[in-house]
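The block underneath contains the structure these notes are about, expressed in structure tokens.
The values are calculated or read from the model by the stated rules, or taken from the named source; none is laboratory data. Since the structure is predicted, the reported quantities are computational estimates derived from the model, not experimental observations. With ideal geometry, Cβ positions are generated from the backbone for all residues, glycine too; neighbour counts draw on all protein chains shown.
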Amino acid sequence: MITKLFAWWFRLKGWKVGETIPPDVRKAVVLAAPHTSNWDFVFALATFRILKLKVNYLAKKELFKFPLKYLLKGTGGIPVVRSRSQNLVDSMINMFRENDNLYLLAAAEGTRKKVTKWKSGFYHVALGAGVPVMLGYLDYRNKVAGFGPVIHLSGDKEKDMAVIREFYRHIEGRNPEKFDPEAVRID
């Protein structure tokens, strides 16, 4: 129900859906970038709602308290305890193995603040599960949400991240000063 409201707001604000996920891609780690505002959550979920696609995403466990808990769980949220190791990558890989259809939305920046590098979990999950990475975007300059190319990771982090970096270089977040394309790298 709440995502129906998000979709209404998306359209009211003049947003459009651009490229979509190809129908033959039924499992993917979907990057959500640039991530510079809380509005990204609303517009990303609206995009999935409009496209009639189910999505899951990770969020810090502290957010899963009344009343926000019901919104997050109802929209595909998966609580994560960030203060201790949980073998999260292995859990997500198993989740892909157990599901025929799964889009896992990942904000690789890990925050809405400007970062110097991305978190690498999305990369390890996609590589370990043998699923592609979809380059999800919210282009605030043009008010377009969509998906870039399907990336089948090679295992060469520098090469793969260069492709991803080049794609996001031309996408403008809500707060462009909080996104540095040169930070699209992992260790």
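Within the range 101-119, is there a residue that is touching a residue at least 40 places away in the same chain (Cβ under 8 Å), within 26 Å of GLY76 (Cβ to Cβ) and in a helix (DSSP H, G or I)?
So far as the range 101-119 goes, no, none of its residues is touching a residue at least 40 places away in the same chain (Cβ under 8 Å), within 26 Å of GLY76 (Cβ to Cβ) and in a helix (DSSP H, G or I).
Under the condition of being surrounded by fewer than 16 Cβ atoms within 10 Å (Cβ to Cβ) and of a type in the set (D, E, K, R), which residue from the range 123-145 is farthest from ARG185 (Cα to Cα)?
LYS143
Looking at (1) under 16 Å from the mean Cα position of the chain (by Cα); (2) modelled with pLDDT of 90 or more, find the lone condition where PHE64 falls short.
So PHE64 meets the others, but not (1).
Within the bounds of the range 23-34, is there any residue that is more than 27 Å from ILE93 (Cα to Cα), over 15 Å from the mean Cα position of the chain (by Cα) and β-branched (Val, Ile, Thr)?
No, the range 23-34 contains no residue that is more than 27 Å from ILE93 (Cα to Cα), over 15 Å from the mean Cα position of the chain (by Cα) and β-branched (Val, Ile, Thr).
I'd like the full set of residues that are loosely packed, with under 12 Cβ neighbours inside 10 Å, at pLDDT 95 or above and polar (S, T, N, Q), limited to the range 86-110.
ASN101
Scan the range 16-34 for residues that are in a loop (DSSP other than H, G, I, E, B) and either within 13 Å of ASP139 (Cβ to Cβ) or of a type in the set (S, T, N, Q) (or both) and jot them down.
The answer is GLY18, GLU19, THR20, PRO34.
Table: residues versus (1) assigned to a loop (DSSP other than H, G, I, E, B); (2) modelled with pLDDT under 95; (3) in contact with a Phe, Trp or Tyr (Cβ under 9 Å, 6 or more places away or on another chain); (4) at negative phi.
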site	(1), (2), (3), (4)
THR36	yes, no, yes, yes
PHE43	no, no, yes, yes
LYS54	yes, no, yes, yes
ARG84	yes, yes, no, yes
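If we keep just the residues of the range 141-187 that are part of a loop (DSSP other than H, G, I, E, B) and among the acidic types (Asp, Glu), which is nearest to LEU53 (Cα to Cα)?
It comes out as GLU172.
Among the residues of the range 52-74, which ones are surrounded by fewer than 17 Cβ atoms within 10 Å (Cβ to Cβ) and free of Cβ contacts under 8 Å to residues at least 40 places away in the same chain?
If the condition is that a residue be surrounded by fewer than 17 Cβ atoms within 10 Å (Cβ to Cβ) and free of Cβ contacts under 8 Å to residues at least 40 places away in the same chain, then LYS52, LYS60, LYS61, GLU62, LEU63, LYS65, PHE66, PRO67, LEU68, LYS69, TYR70, LYS73 are the ones that fit.
Anything in the range 146-164 that is surrounded by 15 or more Cβ atoms within 10 Å (Cβ to Cβ) and either closer than 12 Å to ILE186 by Cβ or touching a Lys or Arg at 6+ places or on another chain (Cβ under 8 Å) (or both)? List them, or say none.
LEU153, LYS157, ASP160, MET161, ILE164
What are the residue pairs meeting all of these: first residue in the range 14-29, first residue farther than 20 Å from GLU98 by Cβ, second residue among the β-branched types (Val, Ile, Thr) and modelled with pLDDT of 95 or more, Cβ atoms under 6 Å, and 6 or more apart or on different chains?
Every condition considered, the pairs that remain are LYS16/VAL144; VAL17/THR47; VAL17/ILE50; GLY18/VAL144.
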